[in-house]
Amino acid sequence: MTVAIDRATGKRHGDRAPRPGPGQRLKHGYQRHWYAYAMITPVAVVLGVLVLYPLVYGLYLTLTDADSLNTARTIGVNHIEATYEFIGLDNYKDVLFGPTAYDRFWSHFVWTIVWTALCVALHYCLGLGLALLLDQRLRGRTVYRLILVLPWAVPTFVTVFGWRFMLADGGVINSALDTLHLPTPLWLEDTFWQRFAAIMVNTWCGVPFMMVSLLGGLQSIDTALYEAAEMDGANAWQRFRHITLPGLRSVSSTVVLLGIIWTFNQFAVIFLLFGTTAPDAQILVTWAYYLGFGQQPRDFAQSATYGMLLLAILIVFTSFYRRWLNRDEQQLAI
């Protein structure tokens, strides 16, 4: 095989140039994209201050025994230095495997899973049903859309406080049930009815988002597919199963994932309905708040440990969820 050599440089034609080092690549990238770096720097700084620093500091707290009695604080003119100590992974062992692990973590974990599954299922099913209705040619469809979006447009605290007043002992709901000579549940006192009320209120708040998202997905499906299926003799259920659901697949996977993350971390509904007075109705995020701010002494280390465990659970779930979706899409493509 003949190799041509450049007489001036002594290099063989076809040889690759040596790859520049990391410093040179970084310098070259900065020279080419300095404007982009300048644009994203403020966002990166804000995210670092609001997200990265609290996350790193929270991780550090999980490795200590910090609480409101041994952290640095100022009382009047006196400044008291911090006396908490580094204890390693003891907080994680105590939360997951300690003598009170079931009452303090696992019972709330199971209820959080049930709460998330029921709420997201109701959000999706009711949202899809309403989206299918609004996708039809109805008189006054715009008015219906406006009315059904209102629960999502109203601030959450206003909605939850309204439900709290209605669910009180002398509220509208119990008064109506009493008028009909029906049992009047203790919505805000009994554990079962507390959980039922929490799911009901969260469903009211979350259905409009699913409805709007799925309605947009429905309107992106080509109507020619329905016409062709109808001409082939497909009934309504067959058209829904073989055209609507596959057409909504990408939208559904995204909104279900977002719904799971938001519901798993849904602090406002539980806290505004019950505060810290319903320990058996608390999900993990509100229980973490209770440990850190709702009791004395406030246990900052345990609260931060719950936060890290919540983050780990969501990261693992999201990874498996996306992997499952990608594998399913590959099988459909085959």
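Here are the numbers for the structure shown:
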| read-out | value |
| --- | --- |
| Conditions (1) more than 17 Å from the chain's Cα centre (by Cα); (2) at pLDDT 90 or above; (3) open to solvent by less than 20 Å² (accessible area, probe 1.4 Å): number failed by Ala278 | (2) |
| Residue in the range 70-86 that is surrounded by 12 or more Cβ atoms within 10 Å (Cβ to Cβ), outside any helix (DSSP H, G or I) and touching a residue at least 60 places away in the same chain (Cβ under 8 Å) present | yes |
| Pair list, Cβ < 7 Å and 6+ apart or interchain, from the range 288-316 residues that are closer than 17 Å to Gly98 by Cβ to residues that are open to solvent by 50 Å² or more (accessible area, probe 1.4 Å) and assigned to a helix (DSSP H, G or I) | Met308/Leu59 |
| Pro155 being more than 26 Å from Trp262 (Cα to Cα), exposed (fewer than 15 other Cβ atoms within 10 Å of the Cβ) and of a type outside the set (Ser, Thr, Tyr) | no |
| Pairs where the first residue, in the range 208-229, is within 16 Å of Gln136 (Cβ to Cβ) and the second is of a type in the set (Asp, Glu), C-beta under 6 Å, 6+ apart | Leu218/Asp135 |
| Qualifying residue in the range 184-196 (condition: in contact with a Leu (Cβ under 7 Å, 6 or more places away or on another chain), open to solvent by 50 Å² or more (accessible area, probe 1.4 Å) and of a type in the set (A, V, I, L, M, F, W, C)) | yes |
| Qualifying residues in the range 197-214 (those that are aliphatic (A, V, I, L, M) and open to solvent by 20 Å² or more (accessible area, probe 1.4 Å)) - the one farthest from Tyr144 (Cα to Cα) | Ile199 |
| Any chance Arg327 is over 21 Å from the mean Cα position of the chain (by Cα) and of a type in the set (D, E, K, R) | yes |
| All positions within the range 70-121 that are within 29 Å of the chain's Cα centre (by Cα) and of a type in the set (Val, Ile, Thr) | Val95, Thr100, Val110, Thr112, Ile113, Val114, Thr116, Val120 |
| Among residues of the range 177-193, those that are within 32 Å of the chain's Cα centre (by Cα) and either assigned to a helix (DSSP H, G or I) or not hydrophobic (A, V, I, L, M, F, W, C) (or both), counted | 6 |
| Positions within the range 220-230 being in a helix (DSSP H, G or I) and of a type in the set (Val, Ile, Thr), in sequence order | Thr223 |
| Residue that is least open to solvent (accessible area, probe 1.4 Å) [pool: residues in the range 121-152 that are in contact (Cβ under 8 Å) with a residue 60 or more places away in the chain and aromatic (Phe, Trp, Tyr)] | Tyr124 |
| Unique residue being charged (D, E, K, R), within 16 Å of Ala301 (Cα to Cα) and out of contact with any Cys (no Cβ under 9 Å at 6 or more places or on another chain) when the list is Arg141, Arg104 | Arg104 |
| Residue selected from the range 14-67 under the condition among the charged types (D, E, K, R) and modelled with pLDDT of 80 or more, by the criterion least open to solvent (accessible area, probe 1.4 Å) | Asp67 |
| Residues located in the range 243-259, provided they are open to solvent by less than 30 Å² (accessible area, probe 1.4 Å) and in contact with a Ser or Thr (Cβ under 8 Å, 6 or more places away or on another chain) | Val255, Leu257 |
| Members of the range 217-240 that are loosely packed, with under 12 Cβ neighbours inside 10 Å, on the phi < 0 side of the Ramachandran plot and of a type outside the set (Phe, Trp, Tyr) | Gln219, Ser220, Asp222, Thr223, Ala224, Glu227, Met231, Asp232, Asn235, Ala236 |
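The values are calculated or read from the model by the stated rules, or taken from the named source; none is laboratory data. Remember, it's a predicted structure, so these values are computed and weren't measured experimentally. Reconstructed Cβ throughout: ideal geometry from the backbone, glycine too, with neighbour counts over all protein chains shown. In case anyone asks, the SASA skips ligands and DNA or RNA and just uses the protein heavy atoms, side chains included. Shrake-Rupley method; radii C 1.70, N 1.55, O 1.52, S 1.80 Å.
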